[in-house]
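Accompanying notes for the structure given below.
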C-alpha cells in the first residue's frame with residue numbers, strides 16, 4: 001500500500017489542477033484485472049484518494065459507484081469486497097448529512113447479492 005500512498009500524495013497536488021486526467025480511466029480499466037490483488041489495489045487507491053476524488057471527480061461519482069457495485073460482488077476475493085466496504089465508508093464521510101442515506105441505500109441494495117463467505 002506504500003505505492004498507493006505515493007499516488008495519493010501526487011494526486012492531491014495534480015488532480016485539482018487537472019494535471020492527471022487519465023488516472024480515473026486507468027483505475028477503471030485496472031478494476032477489471034484478472035488478478036484479485038490488482039483489483040484490491042484499485043479500490044484501496046480510490047479509498048486513499050477520496051478527499052481529492054470528491055472535489056475533482058464529483059461528476060464521475062456515479063461511475064465510481066458502479067465500480068464499487070461491481071467490486072462488492074467480486075466472485076473471487078473477500079479482500080476486494082472488504083476494501084470496497086471500507087471505501088464506501090470513506091465516501092460517506094464526505095457526504096452531507098442529508099445525502100448519507102443515498103450511500104446507505106446503495107450499500108443495502110448491493111450487499112445482499114454480494115456473498116462474504118470465502
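The values are calculated or read from the model by the stated rules, or taken from the named source; none is laboratory data. Bear in mind the structure is a predicted one, so any value in this text is a computation, not a measurement. Quick reminder, even Gly has a Cβ in these numbers, built from the backbone with ideal geometry, and neighbours come from all protein chains shown.
Taking the stretch 1-23 as the search range and keeping residues that are assigned to a helix (DSSP H, G or I) and in contact (Cβ under 8 Å) with a residue 40 or more places away in the chain, which one is nearest to residue 77 (Cα to Cα)?
4
Taking helices (runs of 4 or more DSSP H) that fall entirely within the stretch 49-118, which contain at least 3 residues that are over 16 Å from residue 24 (Cα atoms), touching a helix residue (DSSP H, G or I) at 6+ places or on another chain (Cβ under 7 Å) and at pLDDT 70 or above?
Passing ranges, in order: 78-93.
Tally up the residues in the stretch 24-48 that are buried (at least 17 other Cβ atoms within 10 Å of the Cβ) and either touching a strand residue (DSSP E or B) at 6+ places or on another chain (Cβ under 7 Å) or part of a loop (DSSP other than H, G, I, E, B) (or both), please.
The total comes to 1.
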